[in-house]
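Presented below is the structure to which this report refers.
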Amino acid sequence: MLDEEKLAGLTEDDVRRIVREELADPKRDPAGKKAAIIASKGTLDWAYPPLILATTAAASGMEAHVFFTFYGLNIIRRDFERKLKVSPIGNPAMPMPVPMPNLVTALPGMGPMATRMMKSMFAGKHVATIRELLESAQELDVHLIACQMTMDVFGYGEDDFLDGVEFGGAAAFLSQARRAHVTLFV
Amino acid sequence: MLDEEKLAGLTEDDVRRIVREELADPKRDPAGKKAAIIASKGTLDWAYPPLILATTAAASGMEAHVFFTFYGLNIIRRDFERKLKVSPIGNPAMPMPVPMPNLVTALPGMGPMATRMMKSMFAGKHVATIRELLESAQELDVHLIACQMTMDVFGYGEDDFLDGVEFGGAAAFLSQARRAHVTLFV
Amino acid sequence: MLDEEKLAGLTEDDVRRIVREELADPKRDPAGKKAAIIASKGTLDWAYPPLILATTAAASGMEAHVFFTFYGLNIIRRDFERKLKVSPIGNPAMPMPVPMPNLVTALPGMGPMATRMMKSMFAGKHVATIRELLESAQELDVHLIACQMTMDVFGYGEDDFLDGVEFGGAAAFLSQARRAHVTLFV
(Lines give C-alpha, C1' and ligand atoms only; values in the text may rest on other atoms or scores of the structure.)
Protein backbone atom coordinates (compact mmCIF):
# COMPACT_ATOMS: atom_id res chain seq x y z
CA MET A 1 0.00 0.00 0.00
CA LEU A 2 1.24 3.47 -0.93
CA ASP A 3 2.37 5.69 2.02
CA GLU A 4 1.23 9.06 0.75
CA GLU A 5 2.74 10.88 3.73
CA LYS A 6 6.23 9.51 3.03
CA LEU A 7 5.92 9.98 -0.72
CA ALA A 8 5.11 13.61 -0.32
CA GLY A 9 8.65 14.21 0.94
CA LEU A 10 9.71 17.20 3.01
CA THR A 11 7.51 20.24 3.34
CA GLU A 12 8.62 23.86 3.13
CA ASP A 13 8.36 24.04 6.94
CA ASP A 14 10.67 21.03 7.24
CA VAL A 15 13.21 22.75 5.03
CA ARG A 16 13.08 26.00 7.04
CA ARG A 17 13.62 24.06 10.26
CA ILE A 18 16.65 22.28 8.77
CA VAL A 19 18.15 25.56 7.50
CA ARG A 20 17.85 27.09 10.97
CA GLU A 21 19.46 24.03 12.54
CA GLU A 22 22.38 24.23 10.11
CA LEU A 23 22.87 27.96 10.69
CA ALA A 24 22.77 27.55 14.46
CA ASP A 25 25.79 25.24 14.37
CA PRO A 26 28.93 27.33 13.74
CA LYS A 27 30.85 24.19 12.87
CA ARG A 28 28.47 23.58 9.94
CA ASP A 29 28.28 27.19 8.71
CA PRO A 30 31.55 27.70 6.78
CA ALA A 31 31.65 31.38 7.89
CA GLY A 32 31.96 30.16 11.47
CA LYS A 33 35.24 28.47 10.63
CA LYS A 34 37.05 31.47 9.19
CA ALA A 35 38.64 34.57 10.80
CA ALA A 36 39.97 37.57 8.83
CA ILE A 37 41.88 40.10 10.93
CA ILE A 38 43.58 43.37 9.92
CA ALA A 39 46.69 44.37 11.93
CA SER A 40 47.25 48.08 11.33
CA LYS A 41 49.19 49.25 14.40
CA GLY A 42 52.95 48.93 14.70
CA THR A 43 53.65 49.19 18.40
CA LEU A 44 54.56 46.35 20.77
CA ASP A 45 51.26 46.45 22.68
CA TRP A 46 49.04 46.40 19.58
CA ALA A 47 51.05 43.56 18.00
CA TYR A 48 49.59 41.17 20.59
CA PRO A 49 45.82 41.23 19.88
CA PRO A 50 45.88 40.16 16.19
CA LEU A 51 48.42 37.40 16.86
CA ILE A 52 46.69 36.11 20.01
CA LEU A 53 43.27 36.11 18.30
CA ALA A 54 44.57 34.45 15.11
CA THR A 55 46.51 31.71 16.89
CA THR A 56 43.62 31.03 19.28
CA ALA A 57 41.23 30.79 16.31
CA ALA A 58 43.60 28.45 14.44
CA ALA A 59 44.14 26.31 17.54
CA SER A 60 40.36 25.80 17.76
CA GLY A 61 40.17 24.60 14.17
CA MET A 62 39.39 27.85 12.36
CA GLU A 63 41.15 29.05 9.21
CA ALA A 64 42.81 32.36 10.16
CA HIS A 65 44.08 35.18 7.96
CA VAL A 66 45.95 38.23 9.28
CA PHE A 67 46.40 41.11 6.86
CA PHE A 68 49.20 43.47 7.95
CA THR A 69 48.78 47.02 6.67
CA PHE A 70 50.02 50.53 7.44
CA TYR A 71 52.15 50.53 10.62
CA GLY A 72 51.17 46.87 11.21
CA LEU A 73 53.71 45.86 8.55
CA ASN A 74 56.32 46.31 11.31
CA ILE A 75 55.06 43.14 13.04
CA ILE A 76 56.16 40.78 10.26
CA ARG A 77 59.39 42.51 9.21
CA ARG A 78 62.58 40.48 9.73
CA ASP A 79 63.73 43.17 12.18
CA PHE A 80 60.40 43.27 14.09
CA GLU A 81 62.11 42.95 17.47
CA ARG A 82 63.93 46.22 16.93
CA LYS A 83 60.89 47.92 15.31
CA LEU A 84 58.18 47.14 17.85
CA LYS A 85 58.19 49.72 20.63
CA VAL A 86 55.52 50.98 22.95
CA SER A 87 54.80 54.63 23.62
CA PRO A 88 53.18 55.86 26.82
CA ILE A 89 52.49 59.22 25.16
CA GLY A 90 48.89 60.06 24.47
CA ASN A 91 47.73 56.89 26.24
CA PRO A 92 46.70 57.87 29.77
CA ALA A 93 45.29 54.33 30.16
CA MET A 94 48.68 52.64 30.11
CA PRO A 95 49.45 51.41 33.61
CA MET A 96 52.65 53.11 34.76
CA PRO A 97 54.58 52.26 37.95
CA VAL A 98 54.01 55.85 39.14
CA PRO A 99 51.57 58.43 37.73
CA MET A 100 53.34 60.81 35.35
CA PRO A 101 52.11 63.98 33.72
CA ASN A 102 52.11 63.84 29.91
CA LEU A 103 55.10 66.11 29.52
CA VAL A 104 57.30 63.68 31.43
CA THR A 105 56.24 60.83 29.17
CA ALA A 106 57.50 62.89 26.23
CA LEU A 107 61.05 63.07 27.58
CA PRO A 108 63.68 61.13 25.63
CA GLY A 109 64.14 57.71 27.25
CA MET A 110 60.54 57.23 28.41
CA GLY A 111 59.66 55.29 25.20
CA PRO A 112 62.42 52.70 25.73
CA MET A 113 61.51 52.46 29.41
CA ALA A 114 57.84 51.78 28.58
CA THR A 115 58.89 49.15 26.03
CA ARG A 116 61.15 47.40 28.57
CA MET A 117 58.44 47.60 31.23
CA MET A 118 55.80 46.01 28.97
CA LYS A 119 58.19 43.26 27.85
CA SER A 120 58.97 42.33 31.44
CA MET A 121 55.29 42.47 32.47
CA PHE A 122 54.42 39.99 29.72
CA ALA A 123 57.48 37.81 30.42
CA GLY A 124 56.78 37.76 34.17
CA LYS A 125 53.30 36.38 33.45
CA HIS A 126 54.56 33.75 31.01
CA VAL A 127 52.74 35.33 28.08
CA ALA A 128 54.30 34.32 24.76
CA THR A 129 56.64 36.83 23.13
CA ILE A 130 55.83 38.24 19.70
CA ARG A 131 58.49 35.87 18.26
CA GLU A 132 56.77 32.88 19.87
CA LEU A 133 53.34 34.01 18.66
CA LEU A 134 54.65 34.43 15.08
CA GLU A 135 56.17 30.93 15.23
CA SER A 136 52.92 29.47 16.57
CA ALA A 137 50.99 31.25 13.85
CA GLN A 138 53.14 29.68 11.17
CA GLU A 139 52.93 26.21 12.77
CA LEU A 140 49.14 26.54 12.87
CA ASP A 141 49.01 27.61 9.18
CA VAL A 142 47.73 31.10 9.94
CA HIS A 143 48.00 33.12 6.73
CA LEU A 144 50.23 36.17 7.32
CA ILE A 145 49.63 38.61 4.46
CA ALA A 146 51.54 41.87 3.86
CA CYS A 147 49.56 44.70 2.24
CA GLN A 148 51.22 45.46 -1.10
CA MET A 149 49.90 49.02 -1.33
CA THR A 150 51.41 50.17 1.97
CA MET A 151 54.63 48.23 1.21
CA ASP A 152 54.93 50.42 -1.90
CA VAL A 153 54.11 53.61 0.00
CA PHE A 154 56.68 52.90 2.73
CA GLY A 155 59.26 51.59 0.27
CA TYR A 156 59.45 48.05 1.69
CA GLY A 157 60.46 45.05 -0.48
CA GLU A 158 59.37 41.41 -0.16
CA ASP A 159 62.80 40.56 1.30
CA ASP A 160 62.13 42.82 4.29
CA PHE A 161 59.56 40.32 5.58
CA LEU A 162 59.71 36.98 7.42
CA ASP A 163 59.82 33.76 5.39
CA GLY A 164 56.37 32.41 4.66
CA VAL A 165 54.67 35.82 4.51
CA GLU A 166 52.20 36.16 1.61
CA PHE A 167 51.49 39.37 -0.32
CA GLY A 168 48.14 40.83 -1.34
CA GLY A 169 45.90 43.89 -1.47
CA ALA A 170 42.62 44.98 0.09
CA ALA A 171 40.74 42.80 -2.42
CA ALA A 172 42.60 39.71 -1.13
CA PHE A 173 41.55 40.55 2.43
CA LEU A 174 37.92 41.14 1.43
CA SER A 175 37.68 37.89 -0.54
CA GLN A 176 38.33 36.07 2.75
CA ALA A 177 36.47 38.48 5.04
CA ARG A 178 33.23 38.30 3.04
CA ARG A 179 33.10 34.59 3.87
CA ALA A 180 34.01 34.96 7.57
CA HIS A 181 31.99 35.72 10.69
CA VAL A 182 35.05 36.92 12.61
CA THR A 183 36.31 40.09 10.89
CA LEU A 184 38.30 42.54 13.03
CA PHE A 185 40.34 45.70 12.40
CA VAL A 186 43.05 45.98 15.05
CA MET B 1 -6.71 10.33 -7.82
CA LEU B 2 -3.03 10.59 -7.05
CA ASP B 3 -1.53 14.10 -7.47
CA GLU B 4 1.94 13.18 -8.71
CA GLU B 5 3.11 16.79 -8.65
CA LYS B 6 2.27 17.22 -4.98
CA LEU B 7 3.60 13.84 -3.99
CA ALA B 8 6.96 14.58 -5.55
CA GLY B 9 7.55 17.15 -2.79
CA LEU B 10 10.01 20.03 -3.03
CA THR B 11 12.64 20.20 -5.73
CA GLU B 12 16.28 21.20 -5.26
CA ASP B 13 15.42 24.63 -6.74
CA ASP B 14 12.66 25.04 -4.15
CA VAL B 15 15.13 24.30 -1.39
CA ARG B 16 17.71 26.78 -2.72
CA ARG B 17 15.03 29.48 -2.89
CA ILE B 18 13.98 28.79 0.72
CA VAL B 19 17.60 28.88 1.96
CA ARG B 20 18.12 32.27 0.32
CA GLU B 21 14.91 33.59 1.88
CA GLU B 22 16.00 32.42 5.31
CA LEU B 23 19.47 33.95 4.95
CA ALA B 24 18.04 37.27 3.76
CA ASP B 25 16.14 37.70 7.00
CA PRO B 26 18.57 38.69 9.75
CA LYS B 27 15.98 37.87 12.38
CA ARG B 28 15.96 34.24 11.22
CA ASP B 29 19.75 33.85 10.75
CA PRO B 30 21.06 33.31 14.32
CA ALA B 31 24.30 35.18 13.42
CA GLY B 32 22.16 38.27 12.80
CA LYS B 33 21.06 38.25 16.43
CA LYS B 34 24.47 38.25 18.07
CA ALA B 35 27.14 40.96 18.51
CA ALA B 36 30.67 40.31 19.86
CA ILE B 37 32.69 43.46 20.56
CA ILE B 38 36.25 43.87 21.89
CA ALA B 39 36.93 47.00 24.00
CA SER B 40 40.71 47.47 24.09
CA LYS B 41 41.16 51.21 24.74
CA GLY B 42 41.10 52.70 28.21
CA THR B 43 40.39 56.38 27.67
CA LEU B 44 37.13 58.21 28.27
CA ASP B 45 36.41 58.84 24.57
CA TRP B 46 37.02 55.21 23.47
CA ALA B 47 34.90 53.85 26.34
CA TYR B 48 31.78 55.17 24.57
CA PRO B 49 31.71 53.22 21.25
CA PRO B 50 31.68 49.64 22.63
CA LEU B 51 29.06 50.50 25.29
CA ILE B 52 26.84 52.48 22.91
CA LEU B 53 27.00 49.75 20.24
CA ALA B 54 26.38 46.91 22.72
CA THR B 55 23.44 48.59 24.47
CA THR B 56 21.89 49.61 21.12
CA ALA B 57 22.26 46.03 19.86
CA ALA B 58 20.73 44.61 23.05
CA ALA B 59 17.90 47.15 22.94
CA SER B 60 17.00 45.93 19.44
CA GLY B 61 16.80 42.33 20.58
CA MET B 62 20.34 41.13 19.87
CA GLU B 63 22.50 39.15 22.30
CA ALA B 64 25.55 41.33 22.98
CA HIS B 65 28.96 40.39 24.38
CA VAL B 66 31.68 42.94 25.20
CA PHE B 67 35.14 41.53 25.87
CA PHE B 68 37.36 44.03 27.74
CA THR B 69 41.08 43.52 27.15
CA PHE B 70 44.34 45.45 27.45
CA TYR B 71 43.66 49.07 28.44
CA GLY B 72 39.91 48.45 27.98
CA LEU B 73 39.87 46.67 31.35
CA ASN B 74 39.78 50.19 32.85
CA ILE B 75 36.18 50.61 31.68
CA ILE B 76 34.76 47.92 33.98
CA ARG B 77 36.97 48.49 37.03
CA ARG B 78 35.18 49.59 40.20
CA ASP B 79 37.19 52.81 40.05
CA PHE B 80 36.50 53.45 36.33
CA GLU B 81 35.39 57.03 36.93
CA ARG B 82 38.85 57.90 38.24
CA LYS B 83 40.66 55.77 35.62
CA LEU B 84 38.99 56.97 32.42
CA LYS B 85 40.71 60.10 31.11
CA VAL B 86 41.05 61.59 27.69
CA SER B 87 44.32 62.78 26.19
CA PRO B 88 44.49 65.42 23.45
CA ILE B 89 48.10 64.43 22.73
CA GLY B 90 48.78 62.73 19.43
CA ASN B 91 45.16 63.22 18.35
CA PRO B 92 45.02 66.31 16.13
CA ALA B 93 41.41 65.37 15.30
CA MET B 94 40.11 66.12 18.78
CA PRO B 95 38.07 69.32 18.62
CA MET B 96 39.65 71.87 20.96
CA PRO B 97 38.15 75.20 21.95
CA VAL B 98 41.20 76.91 20.43
CA PRO B 99 43.86 75.43 18.14
CA MET B 100 46.94 74.41 20.10
CA PRO B 101 50.33 73.25 18.92
CA ASN B 102 51.22 69.74 20.10
CA LEU B 103 53.76 70.91 22.63
CA VAL B 104 51.10 72.85 24.49
CA THR B 105 48.87 69.77 24.72
CA ALA B 106 51.78 68.01 26.47
CA LEU B 107 51.88 70.52 29.32
CA PRO B 108 50.78 69.23 32.72
CA GLY B 109 47.11 70.05 33.22
CA MET B 110 46.01 69.73 29.60
CA GLY B 111 44.94 66.08 30.09
CA PRO B 112 42.56 66.88 32.97
CA MET B 113 41.25 69.88 31.01
CA ALA B 114 40.51 67.69 27.97
CA THR B 115 38.77 65.13 30.19
CA ARG B 116 36.61 67.83 31.83
CA MET B 117 35.84 69.36 28.43
CA MET B 118 34.72 66.04 26.95
CA LYS B 119 32.58 65.21 29.99
CA SER B 120 30.78 68.54 29.77
CA MET B 121 30.31 68.24 25.98
CA PHE B 122 28.60 64.87 26.44
CA ALA B 123 26.61 66.08 29.46
CA GLY B 124 25.50 69.25 27.62
CA LYS B 125 24.04 67.09 24.86
CA HIS B 126 22.31 64.72 27.28
CA VAL B 127 24.43 61.77 26.20
CA ALA B 128 24.50 59.03 28.86
CA THR B 129 27.54 58.92 31.11
CA ILE B 130 29.75 55.82 31.19
CA ARG B 131 28.10 54.91 34.51
CA GLU B 132 24.64 55.12 32.92
CA LEU B 133 25.77 53.10 29.90
CA LEU B 134 27.24 50.37 32.16
CA GLU B 135 23.99 50.25 34.15
CA SER B 136 21.94 50.01 30.93
CA ALA B 137 24.22 47.26 29.66
CA GLN B 138 23.61 45.21 32.79
CA GLU B 139 19.83 45.82 32.69
CA LEU B 140 19.81 44.67 29.05
CA ASP B 141 21.80 41.50 29.90
CA VAL B 142 24.83 42.55 27.87
CA HIS B 143 27.65 40.16 28.79
CA LEU B 144 30.61 42.16 30.16
CA ILE B 145 33.69 39.89 30.07
CA ALA B 146 37.13 40.76 31.48
CA CYS B 147 40.11 39.23 29.65
CA GLN B 148 41.89 36.94 32.10
CA MET B 149 45.26 37.08 30.34
CA THR B 150 45.59 40.85 30.53
CA MET B 151 44.21 40.84 34.11
CA ASP B 152 47.17 38.60 34.98
CA VAL B 153 49.66 40.78 33.08
CA PHE B 154 48.45 44.00 34.73
CA GLY B 155 48.09 42.32 38.13
CA TYR B 156 44.32 42.90 38.49
CA GLY B 157 42.14 40.60 40.61
CA GLU B 158 38.46 39.69 40.13
CA ASP B 159 37.55 42.00 43.02
CA ASP B 160 38.84 45.01 41.07
CA PHE B 161 35.86 44.73 38.70
CA LEU B 162 32.20 45.70 38.84
CA ASP B 163 29.68 43.18 40.14
CA GLY B 164 28.27 41.01 37.37
CA VAL B 165 31.42 41.05 35.24
CA GLU B 166 32.31 37.65 33.78
CA PHE B 167 35.85 36.36 33.18
CA GLY B 168 37.27 34.59 30.11
CA GLY B 169 40.01 34.40 27.53
CA ALA B 170 40.36 34.92 23.79
CA ALA B 171 38.79 31.50 23.18
CA ALA B 172 35.64 32.61 25.04
CA PHE B 173 35.39 35.69 22.81
CA LEU B 174 35.92 33.66 19.63
CA SER B 175 33.32 31.05 20.59
CA GLN B 176 30.73 33.87 20.47
CA ALA B 177 32.26 35.85 17.60
CA ARG B 178 32.35 32.87 15.23
CA ARG B 179 28.55 32.74 15.50
CA ALA B 180 27.99 36.52 15.11
CA HIS B 181 27.71 38.85 12.15
CA VAL B 182 28.60 41.91 14.19
CA THR B 183 32.23 41.48 15.37
CA LEU B 184 34.16 44.68 16.14
CA PHE B 185 37.54 45.53 17.70
CA VAL B 186 37.32 48.94 19.35
CA MET C 1 4.38 2.89 -13.51
CA LEU C 2 4.85 4.95 -10.38
CA ASP C 3 8.49 5.95 -9.58
CA GLU C 4 8.43 5.83 -5.79
CA GLU C 5 12.01 7.08 -5.52
CA LYS C 6 11.24 10.24 -7.45
CA LEU C 7 7.89 10.79 -5.79
CA ALA C 8 9.48 10.69 -2.34
CA GLY C 9 11.26 13.96 -3.16
CA LEU C 10 14.35 15.23 -1.37
CA THR C 11 15.53 13.70 1.88
CA GLU C 12 16.69 15.62 4.96
CA ASP C 13 20.29 14.72 4.00
CA ASP C 14 19.74 16.23 0.54
CA VAL C 15 18.51 19.45 2.13
CA ARG C 16 21.48 19.68 4.51
CA ARG C 17 23.87 19.18 1.57
CA ILE C 18 22.16 21.97 -0.39
CA VAL C 19 22.24 24.36 2.59
CA ARG C 20 25.99 23.80 2.99
CA GLU C 21 26.54 24.41 -0.74
CA GLU C 22 24.59 27.66 -0.56
CA LEU C 23 26.47 28.87 2.52
CA ALA C 24 29.87 28.02 0.99
CA ASP C 25 29.25 30.43 -1.88
CA PRO C 26 29.65 34.02 -0.62
CA LYS C 27 27.90 35.31 -3.73
CA ARG C 28 24.77 33.40 -2.73
CA ASP C 29 24.84 34.22 0.99
CA PRO C 30 23.49 37.80 1.17
CA ALA C 31 25.81 38.54 4.16
CA GLY C 32 28.76 37.95 1.84
CA LYS C 33 27.66 40.87 -0.32
CA LYS C 34 27.51 43.53 2.38
CA ALA C 35 30.22 45.47 4.27
CA ALA C 36 29.53 47.77 7.25
CA ILE C 37 32.53 49.82 8.39
CA ILE C 38 32.86 52.35 11.23
CA ALA C 39 35.35 55.21 10.68
CA SER C 40 36.11 56.70 14.10
CA LYS C 41 39.55 58.28 13.67
CA GLY C 42 40.04 61.76 12.29
CA THR C 43 43.66 61.85 11.16
CA LEU C 44 44.97 61.70 7.60
CA ASP C 45 46.49 58.22 7.97
CA TRP C 46 43.39 56.61 9.51
CA ALA C 47 41.12 58.18 6.86
CA TYR C 48 42.58 55.79 4.29
CA PRO C 49 41.62 52.31 5.58
CA PRO C 50 37.81 52.75 5.74
CA LEU C 51 37.70 54.47 2.33
CA ILE C 52 40.05 51.96 0.64
CA LEU C 53 38.16 48.99 2.10
CA ALA C 54 34.71 50.40 1.23
CA THR C 55 35.61 51.34 -2.36
CA THR C 56 37.36 48.00 -2.93
CA ALA C 57 34.31 46.18 -1.57
CA ALA C 58 31.94 48.23 -3.77
CA ALA C 59 34.16 47.72 -6.83
CA SER C 60 33.86 43.95 -6.35
CA GLY C 61 30.08 44.10 -6.27
CA MET C 62 29.42 44.42 -2.54
CA GLU C 63 27.06 46.92 -0.93
CA ALA C 64 29.23 49.09 1.33
CA HIS C 65 28.24 51.32 4.25
CA VAL C 66 30.70 53.58 6.10
CA PHE C 67 29.46 55.07 9.36
CA PHE C 68 31.52 58.10 10.43
CA THR C 69 31.53 58.72 14.16
CA PHE C 70 33.56 60.56 16.79
CA TYR C 71 36.72 62.05 15.23
CA GLY C 72 35.93 60.18 11.98
CA LEU C 73 33.31 62.84 11.20
CA ASN C 74 36.26 64.97 10.05
CA ILE C 75 36.68 62.77 6.96
CA ILE C 76 33.37 63.77 5.39
CA ARG C 77 33.25 67.42 6.42
CA ARG C 78 33.32 69.94 3.56
CA ASP C 79 36.63 71.23 4.93
CA PHE C 80 38.16 67.75 5.33
CA GLU C 81 41.35 68.73 3.50
CA ARG C 82 42.13 71.31 6.16
CA LYS C 83 40.95 69.07 9.04
CA LEU C 84 42.82 65.84 8.27
CA LYS C 85 46.30 65.96 9.72
CA VAL C 86 48.68 63.29 10.84
CA SER C 87 50.52 63.32 14.14
CA PRO C 88 53.79 61.48 14.70
CA ILE C 89 53.33 61.87 18.47
CA GLY C 90 52.66 58.72 20.43
CA ASN C 91 53.12 56.59 17.32
CA PRO C 92 56.66 55.21 17.37
CA ALA C 93 55.70 52.97 14.42
CA MET C 94 55.34 55.85 11.99
CA PRO C 95 58.27 55.70 9.56
CA MET C 96 60.20 58.97 9.85
CA PRO C 97 63.03 60.08 7.60
CA VAL C 98 65.33 60.15 10.64
CA PRO C 99 64.71 58.66 14.10
CA MET C 100 63.47 61.31 16.52
CA PRO C 101 62.97 61.15 20.26
CA ASN C 102 59.37 61.74 21.29
CA LEU C 103 60.00 65.20 22.69
CA VAL C 104 61.16 66.43 19.29
CA THR C 105 57.97 65.15 17.64
CA ALA C 106 56.05 67.33 20.12
CA LEU C 107 57.67 70.53 18.89
CA PRO C 108 55.41 72.97 17.02
CA GLY C 109 55.79 72.34 13.29
CA MET C 110 56.37 68.58 13.45
CA GLY C 111 52.66 67.84 12.93
CA PRO C 112 52.45 69.81 9.68
CA MET C 113 55.75 68.24 8.52
CA ALA C 114 54.43 64.72 9.18
CA THR C 115 51.21 65.57 7.31
CA ARG C 116 53.17 66.91 4.28
CA MET C 117 55.49 63.89 4.36
CA MET C 118 52.63 61.40 4.38
CA LYS C 119 50.82 63.25 1.57
CA SER C 120 53.91 63.18 -0.62
CA MET C 121 54.62 59.50 0.19
CA PHE C 122 51.13 58.56 -0.96
CA ALA C 123 51.28 60.88 -3.99
CA GLY C 124 54.70 59.55 -5.01
CA LYS C 125 53.26 56.04 -5.11
CA HIS C 126 50.18 57.11 -7.07
CA VAL C 127 47.84 56.21 -4.22
CA ALA C 128 44.52 58.05 -4.52
CA THR C 129 44.07 61.13 -2.36
CA ILE C 130 41.28 61.27 0.22
CA ARG C 131 39.37 63.53 -2.21
CA GLU C 132 39.69 60.93 -4.97
CA LEU C 133 38.66 58.11 -2.64
CA LEU C 134 35.57 60.07 -1.50
CA GLU C 135 34.63 60.73 -5.14
CA SER C 136 35.12 57.03 -6.01
CA ALA C 137 33.01 56.04 -3.01
CA GLN C 138 30.14 58.22 -4.20
CA GLU C 139 30.42 56.98 -7.80
CA LEU C 140 30.29 53.38 -6.51
CA ASP C 141 27.20 54.14 -4.36
CA VAL C 142 29.01 53.57 -1.08
CA HIS C 143 26.72 54.84 1.69
CA LEU C 144 28.52 57.56 3.69
CA ILE C 145 26.63 58.02 6.97
CA ALA C 146 27.38 60.67 9.62
CA CYS C 147 26.66 59.69 13.23
CA GLN C 148 23.95 62.02 14.52
CA MET C 149 24.85 61.61 18.20
CA THR C 150 28.45 62.74 17.79
CA MET C 151 27.35 65.52 15.40
CA ASP C 152 25.23 66.82 18.28
CA VAL C 153 28.05 66.46 20.82
CA PHE C 154 30.58 68.28 18.63
CA GLY C 155 28.03 70.87 17.50
CA TYR C 156 28.14 70.02 13.77
CA GLY C 157 25.18 70.68 11.46
CA GLU C 158 24.13 68.78 8.34
CA ASP C 159 25.49 71.62 6.19
CA ASP C 160 29.01 70.98 7.49
CA PHE C 161 29.12 67.72 5.51
CA LEU C 162 29.72 66.81 1.86
CA ASP C 163 26.73 66.54 -0.47
CA GLY C 164 25.28 63.04 -0.56
CA VAL C 165 26.16 62.21 3.04
CA GLU C 166 23.37 60.42 4.92
CA PHE C 167 22.60 60.80 8.65
CA GLY C 168 21.85 58.09 11.21
CA GLY C 169 22.58 56.64 14.62
CA ALA C 170 24.14 53.47 16.01
CA ALA C 171 20.88 51.61 15.32
CA ALA C 172 21.19 52.47 11.60
CA PHE C 173 24.71 51.05 11.54
CA LEU C 174 23.66 47.88 13.37
CA SER C 175 20.68 47.27 11.09
CA GLN C 176 23.18 46.89 8.22
CA ALA C 177 26.00 45.25 10.21
CA ARG C 178 23.79 42.47 11.54
CA ARG C 179 23.26 41.38 7.94
CA ALA C 180 26.93 41.67 6.88
CA HIS C 181 29.94 39.38 7.15
CA VAL C 182 32.41 42.25 6.81
CA THR C 183 32.00 44.46 9.90
CA LEU C 184 35.02 46.57 10.93
CA PHE C 185 35.69 49.34 13.45
CA VAL C 186 38.50 51.56 12.15
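The values are calculated or read from the model by the stated rules, or taken from the named source; none is laboratory data. Note that the structure is predicted; figures quoted are calculated from it, not measured. In this analysis, Cβ positions are derived from the backbone assuming ideal geometry, glycine residues included, and neighbour counts consider all displayed protein chains. Side chains are part of the model used for accessible areas, which takes the heavy atoms of the whole protein and leaves out ligands, DNA and RNA. Shrake-Rupley method; radii C 1.70, N 1.55, O 1.52, S 1.80 Å.
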### Spin-label model distance (nm) - residue C:158 vs residue B:81, 7 Å beyond Cα toward Cβ
3.8 nm
### Message
Using a label point 7 Å beyond Cα on the Cα-Cβ vector, give me the inter-copy distances for residue A:140 in nanometres, one decimal, shortest first.
### Response
3.1, 3.1
### Task
Multiply the residue separation of residue C:132 and residue C:20 by 0.36 nm, subtract the distance between their alpha-carbon atoms, and state the gained length in nm to one decimal.
36.3 nm
### Query
Where the label is 7 Å out from Cα toward Cβ, how close does residue B:126 come to the same position in every other copy, in nm, shortest first?
5.4, 5.4
### Query
Among the listed pairs A:41/C:83; B:85/C:33; B:125/C:34; A:34/B:33; A:33/A:85, which are separated by more than 28 Å between their Cα atoms?
B:85/C:33; B:125/C:34; A:33/A:85
### Task
Over region C:106-186, average the accessible area per residue using a 1.4 Å probe and give it in Å², no decimals.
45 Å²
### Query
Computed on protein heavy atoms with a 1.4 Å probe, what is the summed buried accessible area for the chain pair C and A, in Å² to the nearest 100?
4200 Å²
### Task
Return the average number of partner chain Cβ atoms within 10 angstrom of each residue Cβ along peptide A:44-57.
4
### Query
What is the mean number of Cβ atoms from other protein chains located within 10 Å of the Cβ atom of each residue in peptide B:155-162, rounded to a whole number?
1
### Task
Give the span of region C:129-186's Cα atoms along each principal axis, as three whole-Å numbers ordered largest to smallest.
32, 29, 18
### Summary
Note: A:168-177 gets an average of partner chain Cβ contacts (10 Å, Cβ to Cβ) equal to 5
## Note on the structure
For residue C:160, inter-copy label-point distances (7 Å, Cα→Cβ), nm, shortest first, read 3.7, 3.7
### Task
With a 10 Å radius around each residue's Cβ, average the other Cβ atoms per peptide and rank A:159-165, C:29-35, highest first.
C:29-35, A:159-165
